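In what follows, a single structure is set out as structure tokens and then discussed.
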């Protein structure tokens, strides 16, 4: 039954129909008709952010935690351009985000009107798809398609640009059945050659059976495909150790005897040595990013690579691949599971155990990242989602917190967008309202989006914020120490008094200077209602070890401070 | 020229889809020698032919990346030497009545036709491989060439069997 609605009402109806319950946005001139209609739809909770970048990161966080598309809304021009970093982060990490932007009236497009930006042109390389809606008759279907495209196959962000006069226009609205992507017309898409993969799977099973030093290397694709159980079964059946990339963290329980750890630039020495000694690497749902491989010419020199990946464009892109299997990670792992014979990799695992070195903590002072993250795990019992920002603390959070529950680690990996943690954690809260969410940032990244504390207060979002404060842009400083002769150019960074800042926003805040205070403060922060903020005063020049210098091979880790240079 | 790779794409007849494909090539840093786009027998569907100066692996990779672009119906790459490529050129030459016979001789040699004559200019049309067209352009260079318009190459892969690049727009949904 068709009814006549405005374009704005149609947008809201389609969002409801698609199961959207929360939007992150910021109003402005060209999106005002949408905001006029919004109060008629109480099922759509709108979160007013303080900067559109935060809206995109929050939608991204929501999507990663829930598996459903996260929606953000902005006006034309500056509103839309402020979304860019958040969309790029979602694009690099394959997160289904749908952005709705206002645009100037159709008659004004192309005339450099006030707040007109060619947002379709701007976002083209950082979205999976984007559309300018020129015809009200296409609006509902375009939005349904946007939701479908964002989630289908390899997920990614989709932007729908709606001119103000289209938002105001009236048209017939025909409801579609509920659910993400439901009711959208077919999308032109190349037909993938449906090559029967049985022989390829058999070849993979044979390679797995014959390998003496096999490894699983798994990425975000395992989490996106809900393939964690299949991965665990296959690992246990074959005894093959599992390496999790930064985005693959929490796809495999870290207390499992087959769990090895993080590879790559800041990967553990034993993990990288295992890669360099392996004769078979089974990569699942990852793209062999340069932060993982180091110098690709010297990456895993003895290993054949089997790549299980949803996107055929990834196979062979970064590393030469012996065998590529295209498909959903869970399907492929399930199929392999019935084809592989049970085996143990006892000798190989013993060899890797020989590589493992107890990393000697090189922190001065007792408030080490290790002590903080251990205390955080104890305080939460692992029942929380950790959202990290970008930099040194991101590596510590990746390596030193024992993730045992699926999809409990969220970070901006591919783009490495500082400022991600605080707004993304707001989005995670709406996906997991009953679980604590910790946003862990450095003092640099925190100051990039700390305005969002106001959003949390206004919208009652109980995100627990932690700042690892070392007074530096720490990761850049570390590189300066190692590769730029200790010239700390533009890396010392001043911070406000965060406890007073918390007070200014009317939330509780603590400063921790000694490890002895950590447990009590964390407990207090967790039991307090609403958002809280904890600042940890960590050693100023603590470094992340080991470190593979950029462009070097995984066989060349740096494990300690460089010799002091003469000044 | 027989080196290089040919990339054939069937796409929605939308400027946006075309810019997405061009953007993909730019972003993946693939040098492009020629680009030609035109309609197909299927309404709403265009065919794009790109001549790329790159190796087979890179061309195949970008074909797969282009397949991911929404609005692309099919994409495939093959070595240019495995296909037939043709382009068309229109050449405007200043009319010189004293050398008209000489111009006609050159045209005849290249099976070029005179498609327009005005008081002060003659337009010739020639088609063939890129090398052939370039050779013709050299042959008429001794006349006063005023303007040249080249179409860019369109191409088809030679065989049917085993050809990943046979893109038939008629059989697509």
Discussion item. Just the residues that are out of contact with any helix residue (DSSP H, G or I) (no Cβ under 6 Å at 6 or more places or on another chain), crowded, with 21+ Cβ neighbours inside 10 Å and assigned to a loop (DSSP other than H, G, I, E, B), please, taken from the stretch A:198-240.
Written reply: A:211, A:240
Worksheet entry | Lone qualifier among B:14, B:87 - being touching a residue at least 40 places away in the same chain (Cβ under 8 Å) and closer than 30 Å to residue B:121 by Cβ | B:87
Worksheet entry | Matching residues, the stretch A:505-537, being exposed (fewer than 13 other Cβ atoms within 10 Å of the Cβ) and in contact with a helix residue (DSSP H, G or I) (Cβ under 9 Å, 6 or more places away or on another chain) | A:506
Worksheet item: Taking the stretch A:110-127 as the search range and keeping residues that are touching a residue at least 24 places away in the same chain (Cβ under 8 Å) and either in a loop (DSSP other than H, G, I, E, B) or more than 14 Å from every other protein chain (Cβ to nearest Cβ) (or both), which one is nearest to the chain's Cα centre (by Cα)?
Response: A:127
Response to the item:
Among residues of the stretch B:134-162 being surrounded by 15 or more Cβ atoms within 10 Å (Cβ to Cβ) and assigned to a strand (DSSP E or B), the residue nearest to the chain's Cα centre (by Cα) is B:154
Discussion item. Just to verify a result, which residue in the stretch B:78-94, among those that are in contact with a helix residue (DSSP H, G or I) (Cβ under 9 Å, 6 or more places away or on another chain) and more than 21 Å from residue B:22 (Cβ to Cβ), is nearest to the other protein chains (Cβ to nearest Cβ)?
Written reply: B:79
Worksheet item: Do the conditions hold for residue A:161, that is, is it away from chain B (no Cβ under 14 Å) and either surrounded by 19 or more Cβ atoms within 10 Å (Cβ to Cβ) or touching a residue at least 12 places away in the same chain (Cβ under 8 Å) (or both)?
Response: no
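Among the listed residues B:26, B:33, which satisfies the condition of being modelled with pLDDT under 95, more than 9 Å from every other protein chain (Cβ to nearest Cβ) and not in a loop (DSSP other than H, G, I, E, B)?
Details: B:26 fails: more than 9 Å from every other protein chain (Cβ to nearest Cβ).
The match here is B:33.
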Discussion item. Can you find a residue that is closer than 20 Å to residue B:36 by Cβ, over 17 Å from the mean Cα position of the chain (by Cα), part of a loop (DSSP other than H, G, I, E, B) and modelled with pLDDT under 95 anywhere in the stretch B:115-133?
Written reply: no
Discussion item. Take the conditions in contact with a strand residue (DSSP E or B) (Cβ under 8 Å, 6 or more places away or on another chain), facing chain A (nearest Cβ under 9 Å) and outside any helix (DSSP H, G or I) and apply them to residue B:75. Does it pass?
Written reply: yes
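Here are some residues: A:439, A:417, A:431. Which one is in contact with a helix residue (DSSP H, G or I) (Cβ under 6 Å, 6 or more places away or on another chain) and surrounded by fewer than 22 Cβ atoms within 10 Å (Cβ to Cβ)?
A:431
Identify, from the list A:140, A:150, A:107, the residue that is in a helix (DSSP H, G or I) and within 14 Å of another protein chain (Cβ to nearest Cβ).
Going through A:140, A:150, A:107 in turn, just one is in a helix (DSSP H, G or I) and within 14 Å of another protein chain (Cβ to nearest Cβ): A:150.
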Worksheet, complete the sentence: Restricting attention to the stretch A:361-387, the residues that are closer than 19 Å to residue A:268 by Cα, touching a residue at least 40 places away in the same chain (Cβ under 8 Å) and in contact with a helix residue (DSSP H, G or I) (Cβ under 6 Å, 6 or more places away or on another chain) number exactly 2
Practice prompt. Return the residue satisfying two criteria in turn: it lies in the stretch A:153-169 and is part of a loop (DSSP other than H, G, I, E, B) and under 25 Å from the mean Cα position of the chain (by Cα), and of such residues it is modelled with the lowest pLDDT.
Written response: A:153
Fill in: All positions within the stretch A:333-347 that are assigned to a helix (DSSP H, G or I), within 23 Å of residue A:202 (Cβ to Cβ) and touching a residue at least 12 places away in the same chain (Cβ under 8 Å)
A:333, A:334, A:335, A:336, A:337, A:339
Item to complete: Quick one: which helices (runs of 4 or more DSSP H) lie wholly within the stretch A:1-86 and hold at least 1 residues that are under 22 Å from residue A:448 (Cα atoms) and either out of contact with any strand residue (DSSP E or B) (no Cβ under 7 Å at 6 or more places or on another chain) or modelled with pLDDT of 95 or more (or both)?
Response: A:52-66, A:78-82
Discussion item. Given the criterion surrounded by fewer than 24 Cβ atoms within 10 Å (Cβ to Cβ) and touching a residue at least 24 places away in the same chain (Cβ under 8 Å), identify the matching residue among A:82, A:94, A:130.
Written reply: A:82
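Does any residue of the stretch B:102-109 turn out to be within 26 Å of residue B:3 (Cβ to Cβ) and either away from chain A (no Cβ under 14 Å) or touching a helix residue (DSSP H, G or I) at 6+ places or on another chain (Cβ under 6 Å) (or both)?
no
Report whether or not residue A:548 is in contact with a strand residue (DSSP E or B) (Cβ under 9 Å, 6 or more places away or on another chain) and buried (at least 21 other Cβ atoms within 10 Å of the Cβ). Quick ask: steps written out before the conclusion?
Values: in contact with a strand residue (DSSP E or B) (Cβ under 9 Å, 6 or more places away or on another chain): yes; buried (at least 21 other Cβ atoms within 10 Å of the Cβ): yes.
It is true that residue A:548 is in contact with a strand residue (DSSP E or B) (Cβ under 9 Å, 6 or more places away or on another chain) and buried (at least 21 other Cβ atoms within 10 Å of the Cβ).
Table: residues versus (1) assigned to a helix (DSSP H, G or I); (2) free of Cβ contacts under 8 Å to residues at least 60 places away in the same chain.
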| residue | (1), (2) |
| --- | --- |
| A:461 | no, no |
| A:467 | no, no |
| A:475 | yes, no |
| A:480 | yes, yes |
| A:490 | no, yes |
| A:500 | yes, yes |
| A:522 | yes, no |
| A:551 | no, no |
Fill in: Criterion (within 14 Å of another protein chain (Cβ to nearest Cβ) and without any contact (Cβ under 8 Å) to a residue 12 or more places away in the chain) met by exactly one of B:98, B:67
B:67
Worksheet item: Could you list, in sequence order, the residues of the stretch A:394-408 that are touching a residue at least 60 places away in the same chain (Cβ under 8 Å) and in contact with a helix residue (DSSP H, G or I) (Cβ under 7 Å, 6 or more places away or on another chain)?
Response: A:396, A:398, A:402, A:406, A:407
Fill in: Failed criterion for residue B:47 (all others in (1) in a strand (DSSP E or B); (2) facing chain A (nearest Cβ under 10 Å) hold)
(2)
Worksheet item: In the stretch A:52-66, is there at least one residue being farther than 18 Å from residue A:163 by Cβ, surrounded by fewer than 24 Cβ atoms within 10 Å (Cβ to Cβ), touching a helix residue (DSSP H, G or I) at 6+ places or on another chain (Cβ under 6 Å) and in contact (Cβ under 8 Å) with a residue 60 or more places away in the chain?
Response: yes
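The values are calculated or read from the model by the stated rules, or taken from the named source; none is laboratory data. All values derive from a computational prediction rather than experimental measurement. Backbone-built Cβ (ideal geometry, glycine too); neighbour counts: all protein chains shown.
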